[in-house]
Amino acid sequence: MQITSLEKAKKLEMLNIQAILNFNNLLVQNQKGSAERTPIFQKQIGTPPAPELKPRAHLTGLDLEKIKCVPGEFPTVHWKYDQILQSKNTMKYENGSLVIPQHGDYFVYAQVTFRNHSTERKNCGPEIKMVTHVTQVILKHQSGYPVPIELLRRSSSIIKTQNWNHAIYLGAIASLQKNDKLLVNVSSDGLLYNRAQVNFFGAFLI
């Protein structure tokens, strides 16, 4: 018995329909399997914890009333306790110093601004009228060492005009240990320009 061309066409059409149905069933099964596996995958990955803030501090503004004169030494600048970014290992501010909470490499920076004053002010260094240059120093004080270690220093000459002001900025990376103390000393505290925007001191863990 011969199969006519029409019967062959119908048989081929049925095979194509069956192939399409099989493909669709396979696609649905794959999609269902993916949907079932996704929650498990998400559960394994989970939501990553928020990164912990690294120790850092930024102080602005001077507290000139707390500056004390020590014979033969530059006076330590005292700051207004302005901004300490809270974290598990936050820095502390103690008597003009920033206390390091953990070992690591820190970027340490400070800027102080000097200017002439119309009235005579207390000055731990030489007489203000005789000052021809100003100096800023960032020091590190380690427990067990009586003398602070100098990290950074910069001096600038000043031109005595009727109105002048001069800013000194220092900044560098320093390797610090837990409980190290950072402080800023200046040569002529009587010339400090007591304005928050132009005086700041800080450090942050890299």
**Message:** Given the criteria modelled with pLDDT of 95 or more and touching a strand residue (DSSP E or B) at 6+ places or on another chain (Cβ under 9 Å), does Ala196 qualify?
**Reply:** no
**Request:** Exactly one condition in (1) surrounded by 14 or more Cβ atoms within 10 Å (Cβ to Cβ); (2) over 21 Å from Phe204 (Cβ atoms); (3) at pLDDT below 85 is not met by Thr90; state its number.
**Result:** (2)
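If the requirement is being in the same structural domain as Thr135 (by TED's automatic domain parsing), at pLDDT below 90 and not aliphatic (A, V, I, L, M), which of these qualifies: His78, His117, His103?
Details: His78 fails: at pLDDT below 90; His103 fails: at pLDDT below 90.
Result: His117 is the single residue among His78, His117, His103 that is in the same structural domain as Thr135 (by TED's automatic domain parsing), at pLDDT below 90 and not aliphatic (A, V, I, L, M).
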**Asked** For the stretch 121-151, how many residues are in contact (Cβ under 8 Å) with a residue 24 or more places away in the chain and farther than 19 Å from His78 by Cβ?
**Response** 7
**Complete:** Exception for Leu152 within (1) modelled with pLDDT of 75 or more; (2) part of a loop (DSSP other than H, G, I, E, B) falls at (2)
**Asked** Do we have Gly202 as touching a His at 6+ places or on another chain (Cβ under 9 Å), buried (at least 19 other Cβ atoms within 10 Å of the Cβ) and part of a strand (DSSP E or B) here?
**Response** yes
**Fill in**
Here the residues within the stretch 154-178 that are touching a Ser or Thr at 6+ places or on another chain (Cβ under 8 Å) and surrounded by 14 or more Cβ atoms within 10 Å (Cβ to Cβ) are Ile158, His166, Ala167, Ile168
**Selection status of Lys178, touching a His at 6+ places or on another chain (Cβ under 7 Å) and not in a strand (DSSP E or B)** = yes
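The values are calculated or read from the model by the stated rules, or taken from the named source; none is laboratory data. Not measured: the values here are computed from a predicted model. When we count neighbours, we look across all protein chains shown, and the Cβ atoms used for this are built from the backbone with ideal geometry, even at glycine.
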